[in-house]
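Scroll down for the structure; my scribbles are underneath it.
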Amino acid sequence: MGYTYGVTTAQWLIIVTGWTGSGKSTISDELAEEFGATVASYDWLMSGLRELPEVWDSVGSSVDSRQTVGWSLLSRVAEQQLRRGSSCILDLVACEEPRRRWQDLARRYDADFAVIECVCSDVGIHRSRVDGRARGIPGWYELDWSTVEGGRSLYQPLDEPKLVLDAVNPLADNVAAAKEWLAAIRRS
């Protein structure tokens, strides 16, 4: 299937990453609607494990071990979609190691690969996006501002090539910029 741009159909694996509360899920959902892609969200997948205490506890209590499990689950969903000839958008806070694996996965299935990184340059706006947010993910939790602020300071931006979207810009502008950038990748 994939996204049709002009007369060319492209199969995509798109990583949407960035700070918590910077609009990753919103951008992912908007692009999925536009491209007919599946969104695989780290938080949604991990919430399924969290509902099974015996499984959640066996994953381990460290952030690293849980990230590894979450990245593995995201990889399986992405590969399943690519095998079907469909596009997939991964919604998570990523780092370089899984990015390289996902880029290799896209190559194996002859899919276009892109990274979109979401930030929020205005701390006040960022905080207002996090305070009182309720995403309604079953079995999951919302982070408070102090946790998000700590994560923001520790976040390691991904290497180029990538598109950086700032949540201070209107959503429609960010979605348009993402679509333009993806179209440019497809043409190259």
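What's the FRET efficiency of residue 154 with residue 10 using the Cβ-Cβ distance as r and R₀ = 35 Å, to the nearest 0.05? The partial results should precede the final answer.
Values: r = 34 Å, r/R0 = 0.98.
Step by step, r from the Cβ atoms, then E = 0.55.
Provide the convex hull volume over Cα atoms per residue for the chain, in Å³.
Working: hull volume 22.2 nm³, N = 188.
Normalising the Cα hull of the chain by residue number yields 118 Å³.
What is the dipole size for the chain, taken about its Cα centre, with +1 at each Lys and Arg Cβ and -1 at each Asp and Glu Cβ, in debye to the nearest 20?
Working: 20 positive and 27 negative charges, 99 e Å.
Here the size comes out at about 480 debye.
How many Å² of accessible area per residue for region 71-188, probe 1.4 Å?
Working: 6220 Å² over 118 residues.
With the other protein chains kept in place, region 71-188 gives 53 Å² per residue.
I'd like the carbon and sulfur percentage of the solvent accessible area for the chain, probe radius 1.4 Å, heavy atoms only, ligands and nucleic acids excluded. Could you put the intermediate results ahead of the total?
On the way: 4850 of 9610 Å².
Exposed carbon and sulfur together represent 50 percent of the surface.
Farthest toward the dipole's positive end in the chain, which of 72, 47, 18, given Cβ charges of +1 (Lys, Arg) and -1 (Asp, Glu) about the Cα centre?
Looking along the dipole axis, the top candidate is 72.
At R0 = 30 Å, how high is the FRET efficiency between residue 181 and residue 59 if r is their beta carbon distance? Nearest 0.05 is fine. Each step should come with its number before you reach the end.
Working: r = 35 Å, r/R0 = 1.16.
About 0.30, to the nearest 0.05.
Net charge near residue 125, counting Lys/Arg +1 and Asp/Glu -1 over other residues with Cβ under 12 Å of its Cβ?
-1
With both partners inside the chain, how many of the DSSP beta bridges are antiparallel, as a percent to the nearest 5? Provide the component values of the computation, followed by the final result.
On the way: 3 of 22 bridges.
Close to 15 percent.
Test of understanding: what is the full-extension gain from residue 107 to residue 38, defined as 0.36 nm times their sequence separation minus their Cα-Cα distance? Please report the intermediate quantities before stating the final value.
Details: separation 69, 0.36 × 69 = 24.84 nm, distance 1.83 nm.
Working it through step by step, the gained length comes to 23.0 nm.
Largest first, how would 115, 164 line up by accessible area (1.4 Å probe)?
Working: 115 0, 164 75 Å².
Output order, biggest surface exposure first: 164, 115.
The values are calculated or read from the model by the stated rules, or taken from the named source; none is laboratory data. Fair warning: this is a prediction, and the values are worked out from it, not measured in the lab. Methodologically, a virtual Cβ is constructed for each residue, glycine included, from the backbone with ideal geometry; neighbour enumeration extends over all protein chains shown. Heads up: the accessible areas ignore ligands, DNA and RNA and are worked out on the full protein's heavy atoms, side chains in. Shrake-Rupley method; radii C 1.70, N 1.55, O 1.52, S 1.80 Å.
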